[in-house]
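Accompanying notes for the structure given below.
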Amino acid sequence: MANVENLVIIGSGPAGYTAGIYAARANLSPVLFEGYQSGGLLMLTSEVENFPGFPKGIVGPELMGLFRSQAERFGTRLIAKNVTGVDFRTRPLKILIDKEVVLANCAIISTGASTKWLGIESEKRLLGKGVSSCATCDGAFFKGEKVVVVGGGDSAMEEANFLTKFASQVTIIHRRAALRASKIMQERALKNPKISFVWDSEVEEVLGDDGVKGVKLRHLKTGATQQLDCGGVFIAIGHEPNTAFLRGQLDLDAKGYIVMVKQPTTTTSVPGVFAAGDVQDPLYRQAITAAGSGCQAAIDAERYLESLHG
Ligand code: NAP
């Protein structure tokens, strides 16, 4: 019989690493597939000010480095490969990495979420040539230039504030006249003299051939269009769960989030498969809530594995 892993954790954000810490300390000898880029969305964040235990704040990649080394310290085996598919109809469960098959008694899915895009042709064409979803990664390229940020949530406010370190002027384009962002983040953006707002508007087209030259905006109430010159466009309109590789294997909701069938546990529609973090959470989406649900998933996995042997 081929080697069967006790527990496979898929995904390496706060949820996955926390599941690794708890599962390893419970002697479940977990293996964690980190993907080719470990650490999840916090790797793209600058300062994290709301993770308890860090009163002075900590930068995202440093925080994830600490999570990772804590998971490793207790014996979680970390593998830098992307899981490409699963077969949950069989026992043991099958985890697929291209043509490689890993067998497992139990799995925790913590693959998080990815950036949402506007979905227009010019955005795709100019991606990496002035269109970006990561101010932390690309902000420094726009020293002294005008940039726009699309979105009205905390991410858009955070990106806009961060970009004022480099850009001469930041314009936030929002599709409504009220922001979704938390009060504190709104106030920071509204008070920043380098930030201005265009309300009730959407980006119809990003202008430019080899690089961004501006955006064409449409006012959603009047239909009027206007052109705004800028050298960069940052998209910050939220995220989508990373569940494409799970389609048909367990229950997902209309937006692709994993359905939790026995709340408050982390149980999915497949026995022995648990889910934690943003991949199952359209509501809170915080590093701390992801970490908390990673802990819950490891405890659920431990109880499930015990029930198999009992
Ligand atoms: P979000 O809260 O879902 O906000 C997305 C924003 O983009 C909304 O304003 C939305 O408009 C707009 N939008 C969505 N689809 C759009 C489209 N197709 N075209 C134009 N605009 C579109 O997402 P988020 O800002 O990424 O935040 C996600 C979670 O992370 C939140 O819980 C947030 O609190 C948290 N977060 C926290 C921090 C922090 O505390 N430092 C930083 C970043 C994120 P509508 O308002 O009209 O829906």
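The values are calculated or read from the model by the stated rules, or taken from the named source; none is laboratory data. This structure is a prediction, so every number in the text was calculated from the model and none was measured. Every residue, glycine among them, receives a Cβ derived from its backbone with ideal geometry; neighbour counts consider all protein chains shown.
The residues of region 92-103 that are closer than 13 Å to GLU5 by Cβ and surrounded by fewer than 14 Cβ atoms within 10 Å (Cβ to Cβ), listed by number, are GLU100, VAL101. Within region 237-247, the set of residues being farther than 15 Å from GLY119 by Cβ and within 13 Å of the ligand (Cβ to nearest atom) comprises just one member, PRO241. So, ALA160, is that one among the aliphatic types (A, V, I, L, M) and surrounded by fewer than 20 Cβ atoms within 10 Å (Cβ to Cβ) or not? No. Which residues, counting only those in region 93-120, are of a type in the set (D, E, K, R) and in contact (Cβ under 8 Å) with a residue 60 or more places away in the chain? Selection gives LYS116 alone.
If you go through region 213-225 and keep only what is in contact (Cβ under 8 Å) with a residue 12 or more places away in the chain and either aromatic (Phe, Trp, Tyr) or away from the ligand (no atom under 14 Å from the Cβ) (or both), you end up with LYS213, GLY214, LYS216, THR225. If you filter region 119-159 down to residues that are within 11 Å of the ligand (Cβ to nearest atom) and among the polar types (S, T, N, Q), you find that the one that is nearest to ASP229 (Cα to Cα) is SER133. Reported count of residues in region 100-141, each being part of a strand (DSSP E or B) and either at pLDDT below 95 or not acidic (Asp, Glu) (or both), is 15.
The condition of being at pLDDT 95 or above and closer than 23 Å to ARG91 by Cβ holds for only one of GLY294, GLY272, that being GLY272. Within the set GLY238, GLY232, the sole residue that is closer than 30 Å to SER196 by Cβ, at pLDDT below 95 and among the small types (Gly, Ala, Ser) turns out to be GLY238. The residues of region 160-207 include none that are within 27 Å of ALA224 (Cα to Cα), within 10 Å of the ligand (Cβ to nearest atom), among the hydroxyl-bearing types (Ser, Thr, Tyr) and not in a strand (DSSP E or B). Being touching a residue at least 40 places away in the same chain (Cβ under 8 Å) and assigned to a loop (DSSP other than H, G, I, E, B) is a property that holds for ASP210.
For THR90, the conditions (1) touching a residue at least 24 places away in the same chain (Cβ under 8 Å); (2) of a type in the set (Val, Ile, Thr); (3) over 14 Å from VAL31 (Cβ atoms) all hold with the exception of (1).
Among the candidates LEU32, LEU42, LEU63, the residue that is surrounded by 15 or more Cβ atoms within 10 Å (Cβ to Cβ), modelled with pLDDT under 95 and assigned by TED's automatic domain parsing to the domain that holds VAL8 is uniquely LEU42. The C-beta contact set for region 279-295 (first residue among the acidic types (Asp, Glu), second residue assigned to a helix (DSSP H, G or I) and within 14 Å of the ligand (Cβ to nearest atom), distance under 8 angstrom, 6+ apart or interchain) comprises ASP281/THR289; ASP281/ALA290. Residue count for region 1-43, restricted to those that are farther than 11 Å from ARG68 by Cα and not in a helix (DSSP H, G or I): 21.
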